[in-house]
Amino acid sequence: MANVFDVAAYILEKQGAITAMKLQKLVYYSQAWSLVWDEKPIFPEDIEAWANGPVVRGLFNAHRGQYTVSTIDNGSSDNLSQIEKETVDAVLKYYGDKPSQWLSDLTHMEDPWKNARAGMSDNSRGSKAIQHSDIADYYSSLLPDSK
């Protein structure tokens, strides 16, 4: 299985330099749609429900202090299967041209992030993991036409 750094590396290869926030959201949506379309996670790391939306802590630590990210040192797109690349490509086709804040705002309107942050104010710190079952249930209910 690929890891979050491999997915991030592939996203950056396809998108070029993007904000750290946008990278986190695109990684999140790659995981979400992999759970729906491929019926399995694309990476094993937890996604946490932070105040600014879903974040993978290890990826955050790798780009900490950077507003814009252009490379991820410990990831390789070669570790993704063709199906995983197609999933990420579909995510990028839909979400890739959206601004960082738009993506963050979108995640705040969606149940997986809201469920993981139940009982917390919108801007309070939190690190509760967003459950795969919540992600799969929510996004499968959106019924996309196809990849």
Does Ile130 qualify as being under 30 Å from Gly16 (Cα atoms), in contact with a strand residue (DSSP E or B) (Cβ under 6 Å, 6 or more places away or on another chain) and at pLDDT 95 or above? yes
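Yes/no per residue for (1) modelled with pLDDT of 95 or more; (2) surrounded by fewer than 12 Cβ atoms within 10 Å (Cβ to Cβ); (3) part of a helix (DSSP H, G or I); (4) out of contact with any Phe, Trp or Tyr (no Cβ under 7 Å at 6 or more places or on another chain):
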| site | (1), (2), (3), (4) |
| --- | --- |
| Ile72 | no, no, no, no |
| Asp78 | yes, yes, yes, yes |
| Ile83 | yes, no, yes, yes |
| Ala90 | yes, no, yes, no |
Within the range 42-53, is there a residue that is among the polar types (S, T, N, Q), over 11 Å from the mean Cα position of the chain (by Cα) and outside any helix (DSSP H, G or I)? yes
So which residues in the range 134-147 are open to solvent by 70 Å² or more (accessible area, probe 1.4 Å), at pLDDT 85 or above and among the hydroxyl-bearing types (Ser, Thr, Tyr)? Ser141
Of all residues in the range 1-41, count the ones that are of a type in the set (Gly, Ala, Ser) and either within 14 Å of Asn74 (Cα to Cα) or assigned to a loop (DSSP other than H, G, I, E, B) (or both). 5
Within the range 9-31, track down each residue that is open to solvent by less than 10 Å² (accessible area, probe 1.4 Å), within 12 Å of Leu80 (Cβ to Cβ) and in contact with a Leu (Cβ under 6 Å, 6 or more places away or on another chain). Ile11
Please work out which one of (1) outside any loop (DSSP other than H, G, I, E, B); (2) free of Cβ contacts under 8 Å to residues at least 12 places away in the same chain; (3) of a type in the set (D, E, K, R) is the condition Asp97 fails and give its number. (1)
When (1) under 21 Å from Ala118 (Cβ atoms); (2) assigned to a helix (DSSP H, G or I); (3) in contact with an Asp or Glu (Cβ under 8 Å, 6 or more places away or on another chain); (4) not basic (Lys, Arg) are applied to Leu59, the one that fails is (1)
Quick count over the range 114-131, residues being closer than 14 Å to Arg57 by Cβ and outside any helix (DSSP H, G or I), is 6
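The values are calculated or read from the model by the stated rules, or taken from the named source; none is laboratory data. The model shown is predicted, which means the values in this text are computed figures rather than measured ones. Glycine also receives a Cβ, built like all others from the backbone with ideal geometry; neighbour counts cover every protein chain displayed. The accessibility values were calculated without ligands, DNA or RNA, using every heavy atom of the protein model including side chains. Shrake-Rupley method; radii C 1.70, N 1.55, O 1.52, S 1.80 Å.
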